[in-house]
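See below for the structure under consideration.
The values are calculated or read from the model by the stated rules, or taken from the named source; none is laboratory data. Just so we're clear, the structure is a prediction, and the values are computed from it rather than from any experiment. Here the Cβ positions follow ideal geometry from the backbone for every residue, glycine too, while neighbour counts run over all protein chains shown.
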Amino acid sequence: MQIVAMLTMLIDHVGLVFFPGDPLWRIIGRLAFPLYTYALVLGFFHTSNMKRYMLRLTVIAVISQIPYQWALHSDDINVVGTLLVSLLALVAMQRWSHPALMVLIGCLAAYLLETLNFNYGYYGLALVLIYRYSQSHMQLLLHFLLNLSTLFAKFWETQLYSIFATAFLVYWPAFYRAFDRIPMPRWVWRSFYPGHLVLLGVAQFLIPNGL
């Protein structure tokens, strides 16, 4: 799953930078973010040191910000920051598990993501909560409804294709497991996001007129 997430994110960003008129790159890239949010939920359940996990995300988010703005010409906060806020919300909801408090925490986190212009905004948090609090077919249904709501609220037409990431998780998990057989050091997964942004930025500098 990690390899699929990295490859589809790379395809997405290469298309965004060098082939903005070709939607196929962005369509394929819609698989990436759901897989990263799903990986975050797995990390939430399985990490042996939550503080270290949060610190790691914080470091990656901070060191990625300038490469992110440079490579993708964006002024929002990068997606790892969105994942960090979502993780903080999960931890808070686990600690204060009264339904009213959980709703309040979710609303505050969503407001923060939207107000401070985090990449994906409340959509990212909602997808994390879907993977955390639902299973199987319900995940697929809720992901579809989330995509439908953002289509009307944010006009994110291409984001509709992200449903295939969850569909594979529900109906064809062997697709991801096939890639998981390929050994990959942890440092590759942890450094890929800032690393590929730096490479994209350098590529644009060396090829200023595009491909």
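A compact table of results
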item	result
Count of the stretch 117-158 residues which are under 23 Å from GLY43 (Cβ atoms), touching a residue at least 12 places away in the same chain (Cβ under 8 Å) and out of contact with any Phe, Trp or Tyr (no Cβ under 6 Å at 6 or more places or on another chain)	20
Sole exception among (1) farther than 18 Å from HIS13 by Cα; (2) in contact (Cβ under 8 Å) with a residue 24 or more places away in the chain for PHE45, by number	(2)
Residues within the stretch 7-35 that are touching a Ser or Thr at 6+ places or on another chain (Cβ under 7 Å), assigned to a loop (DSSP other than H, G, I, E, B) and over 20 Å from VAL128 (Cα atoms), tallied	0
Residue list for the stretch 49-88, restricted to those being in contact with a strand residue (DSSP E or B) (Cβ under 9 Å, 6 or more places away or on another chain) and touching a residue at least 40 places away in the same chain (Cβ under 8 Å)	TYR68, ASP76, ILE77, ASN78, VAL79, THR82, VAL85
From ALA167, ALA89, ALA109, ALA126, residue being touching a Leu at 6+ places or on another chain (Cβ under 8 Å), among the hydrophobic types (A, V, I, L, M, F, W, C) and under 20 Å from MET6 (Cα atoms)	ALA167
Test: residue in the stretch 165-183 that is more than 17 Å from the chain's Cα centre (by Cα), at pLDDT 95 or above and hydrophobic (A, V, I, L, M, F, W, C)	no
Condition met for GLY201 (over 19 Å from the mean Cα position of the chain (by Cα) and among the small types (Gly, Ala, Ser))	yes
Which listed residue is surrounded by fewer than 18 Cβ atoms within 10 Å (Cβ to Cβ), out of contact with any His (no Cβ under 7 Å at 6 or more places or on another chain) and at positive phi, from HIS98, HIS73	HIS73
Those residues of the stretch 145-173 which are of a type in the set (A, V, I, L, M, F, W, C) and more than 16 Å from TYR38 (Cβ to Cβ), in sequence order	LEU145, LEU148, LEU151, PHE152, ALA153, PHE155, TRP156, LEU160
When residues of the stretch 26-60 are limited to those that are among the aromatic types (Phe, Trp, Tyr) and crowded, with 19+ Cβ neighbours inside 10 Å, the one nearest to ALA203 (Cα to Cα)	PHE33
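Every residue, every condition in (1) touching a Pro at 6+ places or on another chain (Cβ under 6 Å); (2) part of a loop (DSSP other than H, G, I, E, B); (3) of a type in the set (Gly, Ala, Ser), yes or no:
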| residue | (1), (2), (3) |
| --- | --- |
| ARG52 | no, no, no |
| LEU57 | no, no, no |
| ILE63 | yes, no, no |
| ALA71 | no, no, yes |
| THR82 | no, no, no |
| VAL91 | no, no, no |
| VAL103 | no, no, no |
| LEU113 | no, no, no |
| ALA126 | no, no, yes |
